[in-house]
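Undergrad: Handing you a structure now.
The values are calculated or read from the model by the stated rules, or taken from the named source; none is laboratory data. Predicted model, so just to flag it, every value in this text is computed and none were measured. Cβ placement follows ideal geometry from the backbone for every residue including glycine, while neighbour counts extend to all protein chains displayed.
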Amino acid sequence: MSGTMNSLPISTKWLLDASDTANRKAINSVFLISCAKTESKGTGFAVKGGYVITNSHVVKDCTAQDIVAI
């Protein structure tokens, strides 16, 4: 996780530092979803089965290759 921590916003680092182990699991299931094609961004949430869900406006007009989850 240390390599990942370098690319996180400082507010996220502070949140992770302030959280206990149980809460970090919940925090680690939240993603920033970004579409390079439309420059839209939004929050995504990891669910069972390895899927990440987000609002349709975040990925509208994007292909899987255009989408990045951070």
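Yes/no per residue for (1) surrounded by 12 or more Cβ atoms within 10 Å (Cβ to Cβ); (2) free of Cβ contacts under 8 Å to residues at least 12 places away in the same chain; (3) in contact with a strand residue (DSSP E or B) (Cβ under 6 Å, 6 or more places away or on another chain); (4) at negative phi:
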site: Asp17; (1), (2), (3), (4): no, yes, no, yes
site: Thr21; (1), (2), (3), (4): no, yes, no, yes
site: Lys25; (1), (2), (3), (4): no, yes, no, yes
site: Lys41; (1), (2), (3), (4): yes, no, yes, yes
site: Ile53; (1), (2), (3), (4): no, yes, yes, yes
site: Asp61; (1), (2), (3), (4): no, no, no, no
site: Ile67; (1), (2), (3), (4): yes, no, yes, yes
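Undergrad: Now for a different question. Taking the residues in segment 27-36 that are surrounded by fewer than 14 Cβ atoms within 10 Å (Cβ to Cβ) and of a type outside the set (A, V, I, L, M) as candidates, determine which candidate is modelled with the highest pLDDT.
TA: Ser29
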